[in-house]
Structures are given as C-alpha cells and as structure tokens.
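Contents: one structure, followed by commentary.
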Amino acid sequence: MIILFLFLLFLPPIFSFEFIFTGYFTCKWTDEPFVQDFLLMDWDTITRDDKIKQAREWSTDVYPYAYEVWGEEDGDGPWDNYYELYYQITHNCTVSRKIVTQNFMFPEYSVHVSRVAEETIVHLPIQY
C-alpha cells in the first residue's frame with residue numbers, strides 16, 4: 001500500500017488538452033486528390049505513440065484541400081511535460097503516385113496549456 005501511495009505521489013498531474021487544427025494539404029506533384037488518410041498522433045518516449053481522441057474532416061473538392069481536426073487528450077506519457085504531436089499522413093503525392101505514409105511534426109505544446117487552435121499548411125511530400 002505504501003509503494004502504491006509513493007508511486008501515485010510522484011506521477012505528474014493530468015491536464016486536459018483541447019485542440020482545433022485547420023489548414024490545407026498541398027502537393028508538389030499533382031492537384032488531384034492525394035490524401036487517403038491522416039491521424040493526429042502524440043509521440044511518446046517510453047510508451048507507444050498515442051492516437052489522439054479526434055474527429056476529422058477534409059475536402060477533396062477544391063485544391064488546396066482543406067482539413068479540420070478537433071479533439072482532446074488527457075495528459076501525456078510518464079514524466080513528459082510536452083505533447084509532441086504529429087500527423088501520420090497516408091498519401092500518393094509522389095512522382096510515381098505510389099502510396100506512402102509520412103509524419104508531419106508540430107511544435108511541442110506544454111501539458112499546462114489547456115487549448116490550442118492553429119492553422120497549418122502541410123506541403124507534401126514531406127522533405128526530411
């Protein structure tokens with residue numbers, strides 16, 4: 001019982017993080033629809049990356065293709081004070097139109113921030 005108490009005592013506090021990300025997908029090679037799927041993920045050092053609880057919409061009617069993601073995350077990994085968010089994007093924005101999955105990293109957000117709203121243009125393919 002004492003061990004459990006000590007363990008809980010040293011856990012970081014859990015903060016709720018709400019977000020709204022909007023923006024556009026662009027492609028260097030085509031203006032035809034190219035994004036098959038994208039997920040907002042949180043990179044964790046010790047544990048597996050988290051798929052953030054989210055709702056997503058994106059359009060393929062007019063280029064550049066607009067998207068919107070909104071959702072919530074309750075805390076990050078153990079001893080981690082920042083959300084390291086990224087989009088995991090499956091697309092065929094390549095010279096040969098081959099389907100690939102790439103990650104688009106966001107800046108880090110403190111777990112002490114309760115809400116973030118940003119607009120980001122994602123240029124594909126992502127150059128590392």
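Every number in this text was worked out from the coordinates using simple rules, so none of it is lab data. Note that the structure is a prediction, hence the values are computed from the model and not measured. Glycine also receives a Cβ, built like all others from the backbone with ideal geometry; neighbour counts cover every protein chain displayed.
Taking Lys and Arg as +1 and Asp and Glu as -1, the other residues whose beta-carbon sits under 13 Å from that of Thr22 total -3.
The Cα-based radius of gyration and maximum Cα-Cα distance (Dmax) for the chain are 17.3, 61 Å. Here each label is just a point 7 Å from Cα along the line to Cβ, and for Arg97 and Ile20 those points are 3.6 nm apart. Per-residue Karplus couplings for the range 55-66, computed as 6.51 cos²θ - 1.76 cosθ + 1.60 with θ equal to phi - 60°, are listed in order as 10, 9, 9, 8, 10, 10, 7, 10, 7, x, 7, 7 Hz, Gly and Pro entered as x.
Provide the net charge surrounding Ala66, with neighbours chosen by a C-beta distance below 13 Å and charges set as Lys +1, Arg +1, Asp -1, Glu -1. Residues near Ala66 contribute -3 overall. Within a straight-line Cα-Cα reach of under 19 Å, Lys28 can be paired with the following lysines, leaving aside sequence neighbours fewer than 8 residues apart in one chain: Lys98.
A Förster radius of 25 Å combined with the Cβ-Cβ distance from Trp79 to Leu39 puts the calculated FRET efficiency at roughly 0.50.
The slack in the chain from Ser110 to Trp29, taken as 0.36 nm per residue of separation less the alpha-carbon distance, amounts to 25.6 nm. For the chain, the relative contact order works out to 35 percent when only alpha carbon pairs closer than 8 Å and six or more residues apart are counted. Label sites at Asp49 and Thr90, each approximated as a point 7 angstrom past Cα along Cα to Cβ, lie 1.4 nm apart.
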